[in-house]
Amino acid sequence: MSQLNANQFPVRTFGGPTALFEYGGLRFLTDPTFDGPGDYASPGPTLTKTAPSTTSPAELGPIDVVLLSHDEHADNLDTSGRALLADVPLTLTTPGGGERLGAKAKGLADWESIELERPGGGTITVTGVPAIHGPGAREEVEPIAGQVVGFVLTGEGLPTVYVSGDNASLDAVREIADRFAPIDTALLFAGAPRFPMLFDGNLIVLDSAQAAEATRILDARRVVPVHHDSWAHFTEGRDELEAAFAAAGLTDRLDQDWVQRA
């Protein structure tokens, strides 16, 4: 799949981790967050939203599938996002989230797949892939930061799409690359979020340099950065991402629509 073909479907970003794209005739939404700025309680530190979403649920139109990296933190699923799930036929998320969110939600374990029917015939395969929401081994991180899942989307005649979720592990990225590289479009959660009281202030999602390295590992032909703005605990944003990709010689991999929205 050429880079030109990989860019044929647009990805709209709305702030934080929330993005919308149509793929194989279905409309996918990532980590829905539409509440206004303010403080939000979560397991652990209070999260502070600094900017509103650039859209509202009412303006999105019908959504076929929500790809939810995890349901436990307000910067990935907020009150408005939870309300939206009631109108979406299917939410794919972590095994624990699948139990918490009700009948329309399905949890995917690592490497577990589900087949989705395409409107014009054929199927899309969505595979749950590893993500670790902090530094170190999963068994050390999950009791503190919770369970997270990423997603890879594939289908006959379709580009390969990776949605990273809140992942801080390049080792997880290497596992995904071993099975799926090259990736045609990667939605990489970045922003270098950290809290002084969690994991000694170490990263809980990729920083900008790691996002560039993930791009290299995946041989990703197009990257749409998300999860790098609108929250106070994100310590790096657009400028740092652009600089890191330039330093790595990967500026041409950044989605041109994302670049032009600067």
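Each value in this text was obtained by applying a stated rule to the coordinates, not by laboratory testing. Just so we're clear, the structure is a prediction, and the values are computed from it rather than from any experiment. Here the Cβ is made from the backbone with ideal geometry for all residues, glycine too, and neighbour counts use every protein chain on show.
Looking at Glu242, Glu213 in this structure, which one is surrounded by 15 or more Cβ atoms within 10 Å (Cβ to Cβ) and under 25 Å from Glu140 (Cβ atoms)? Explain how you work it out, then say what you get.
Values: Glu242 fails: under 25 Å from Glu140 (Cβ atoms).
Result: Glu213 is the single residue among Glu242, Glu213 that is surrounded by 15 or more Cβ atoms within 10 Å (Cβ to Cβ) and under 25 Å from Glu140 (Cβ atoms).
For (1) without any contact (Cβ under 8 Å) to a residue 40 or more places away in the chain; (2) touching a Gly at 6+ places or on another chain (Cβ under 6 Å); (3) within 22 Å of Ile132 (Cα to Cα), each residue gets a yes or a no:
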residue: Ala19; (1), (2), (3): no, no, yes
residue: Gly36; (1), (2), (3): yes, no, no
residue: Thr55; (1), (2), (3): no, no, no
residue: Asp71; (1), (2), (3): yes, yes, yes
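Table: residues versus (1) more than 22 Å from Leu20 (Cβ to Cβ); (2) polar (S, T, N, Q).
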residue	(1), (2)
Gly157	no, no
Val163	no, no
Glu175	yes, no
Pro182	yes, no
Arg222	no, no
Phe234	no, no
Ala244	yes, no
Thr251	yes, yes
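Does Val161 satisfy the criteria of being over 27 Å from Pro45 (Cα atoms) and of a type in the set (Val, Ile, Thr)? Walk me through it before giving the result.
On the way: over 27 Å from Pro45 (Cα atoms): yes; of a type in the set (Val, Ile, Thr): yes.
Considered against the rule, which asks whether it is over 27 Å from Pro45 (Cα atoms) and of a type in the set (Val, Ile, Thr), Val161 comes out as yes.
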Legend entry - The one condition in (1) surrounded by fewer than 22 Cβ atoms within 10 Å (Cβ to Cβ); (2) within 18 Å of the chain's Cα centre (by Cα); (3) part of a loop (DSSP other than H, G, I, E, B) that His228 fails to fulfil: (1)
Legend entry - Residue that is nearest to Glu175 (Cα to Cα), among those in the stretch 193-251 that are polar (S, T, N, Q) and touching a residue at least 60 places away in the same chain (Cβ under 8 Å): Asn202
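Does the stretch 96-104 contain at least one residue that is touching a residue at least 40 places away in the same chain (Cβ under 8 Å), assigned to a helix (DSSP H, G or I), closer than 21 Å to Gly81 by Cβ and touching a strand residue (DSSP E or B) at 6+ places or on another chain (Cβ under 9 Å)?
Yes, some residue in the stretch 96-104 is touching a residue at least 40 places away in the same chain (Cβ under 8 Å), assigned to a helix (DSSP H, G or I), closer than 21 Å to Gly81 by Cβ and touching a strand residue (DSSP E or B) at 6+ places or on another chain (Cβ under 9 Å).
Quick one: in the stretch 40-53, of everything that is out of contact with any Gly (no Cβ under 8 Å at 6 or more places or on another chain) and in contact (Cβ under 8 Å) with a residue 24 or more places away in the chain, which residue is farthest from Gly102 (Cα to Cα)?
Taking the stretch 40-53 and keeping what is out of contact with any Gly (no Cβ under 8 Å at 6 or more places or on another chain), we get 40-42, 44-47, 50.
Then keep just the ones that are in contact (Cβ under 8 Å) with a residue 24 or more places away in the chain; that gives 40-42, 44-45, 47, 50.
On the way: Tyr40: 23, Ala41: 22, Ser42: 20, Gly44: 24, Pro45: 26, Leu47: 25, Thr50: 30 Å.
By that ranking, first place goes to Thr50.
So how many residues does the stretch 51-70 have that are outside any helix (DSSP H, G or I) and either loosely packed, with under 14 Cβ neighbours inside 10 Å or in contact with a strand residue (DSSP E or B) (Cβ under 6 Å, 6 or more places away or on another chain) (or both)? Spell out the reasoning first.
Looking only at the stretch 51-70, we keep the residues that are outside any helix (DSSP H, G or I), and these are 51-56, 61-70.
Those left that are additionally either loosely packed, with under 14 Cβ neighbours inside 10 Å or in contact with a strand residue (DSSP E or B) (Cβ under 6 Å, 6 or more places away or on another chain) (or both): 51, 56, 61-70.
The number of residues fulfilling the criteria is 12.
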